[in-house]
Amino acid sequence: MTRFQVAPFPESRLAGSSFIARPGLFSFERGGALVIAVAVIVLGSATAALGGGLVTSLACVLLLVVGLPHGALDIATIRRAAPDAQLGVVAAYLGVAAAMLAVWWASPLAGLATFYTVSVAHFADDWDKQSQPFFGYAIALTLLSAPTFLHADALRDLFFALTNDARAALLVDLLITAAPVATAVALVGLAAMGAGRRSAEGFCALAAMLFLPPVTGFAVFFCLFHSPRHFREGWAAIGSDVQPAMSVWIAAMTVAGFGITALIYAANNFRGAPAGLFEASMMTLSALTVPHMLLATILERATIKRSRSPGDPLNRSVKEYSAV
């Protein structure tokens, strides 16, 4: 069975009528993507069980355990890209995280809207090398709005649980409005990628977000596709000499993440799980995602004492950070 890998986007299906056949990462003979997609659909039929409190709580725990490690690699990027301004960059990083938490406390609705907006921009990077940025944003928006097709009421309940504000339903209405167009564009973009691993991941992630309850579907996408990809790339980039020290740092950051979640949970007067755990987990993830997303900007604005030439690898690492 011949394997296929799509050519770069300008030569892809949208620009021509043929694919370039060459060794690739995905084999139709093995049918890996099809098996995963079918499994997701079958699991989606058990909506009641998968949407239960126990499963929701487990999904929240997995989001923290699997999601935090790739963000913890930011410290290695800071050390590599801004060796003379580490304290300032870390302080700015923590300041952005604290500001995001402050937004949540001041206005949970604004915090939720900000988190969604930043998430679309962040997840769009997952496909920036496989398609034009326009399609990357469409795929990201589709993933986050897909639950509105089959689980709009559940999403409204979750948004209300997060904000305790009836106006949160308006965010769901906006997602309902955007979902059809975003999905159509995303499907074109995924199809244009051809028979590659990234397009298969996109279709499977979309199936998870579409058929599974919102929290479970998001956990599948985040824990199986988004976080592992970024962790593999970041882990390879830091080098074997730094990896042992980073293993300790990752473990510490994961424990710290659970500590932040526990503090938020306690500050909310120990609301019963899973609602309280879900709220605390989302606030923690957003507080860490926003500075993670803005790290390249923070690094560019940091005051670095020693001058660097434009071709310096460390300067390039700042500019290209968002691709890792």
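The values are calculated or read from the model by the stated rules, or taken from the named source; none is laboratory data. These numbers were taken from a predicted model, which means no experiment stands behind them. Using ideal geometry, Cβ is built from the backbone for each residue, glycine included, and neighbour counts are taken over all protein chains shown. When the accessible area is computed, the model is the full protein with side chains, heavy atoms only, and any ligands, DNA or RNA have been set aside. Shrake-Rupley method; radii C 1.70, N 1.55, O 1.52, S 1.80 Å.
Assuming charge only on the beta carbon of Lys and Arg (+1) and of Asp and Glu (-1), the dipole of segment 192-273 about its Cα centre is about 160 debye to the nearest 20. Based on C-alpha pairs under 8 angstrom that are at least 6 apart in sequence, segment 55-177 has a relative contact order of 18 percent. The magnitude of the dipole of segment 149-245, with charges of +1 and -1 set on the Cβ of Lys/Arg and Asp/Glu and taken from the Cα centre, is near 220 debye.
Whenever you get a sec, compute what percent of the accessible area on segment 185-245 sits on carbon and sulfur atoms (1.4 Å probe).
On the way: 1460 of 2040 Å².
In segment 185-245, the share of accessible area belonging to carbon and sulfur is 72 percent.
With both labels modelled 7 Å from their Cα along Cα-to-Cβ, the residue 191 to residue 167 distance reads 4.0 nm.
Lys/Arg Cβ at +1, Asp/Glu Cβ at -1, dipole of segment 77-224 taken about the Cα centre: which of 203, 170, 82 is farthest positive-ward? In segment 77-224, that residue is 82. Take the Cα of residue 249, step 7 Å toward its Cβ, do the same at residue 98, and the gap between the two points is 2.1 nm. Once you have a ≥ b ≥ c as the square roots of the Cα gyration tensor eigenvalues for segment 138-279, tell me rounded if a/c is under 1.5, and otherwise prolate or oblate according to whether a/b is larger than b/c. It is oblate, given that a/c is not under 1.5 and a/b is not larger than b/c.
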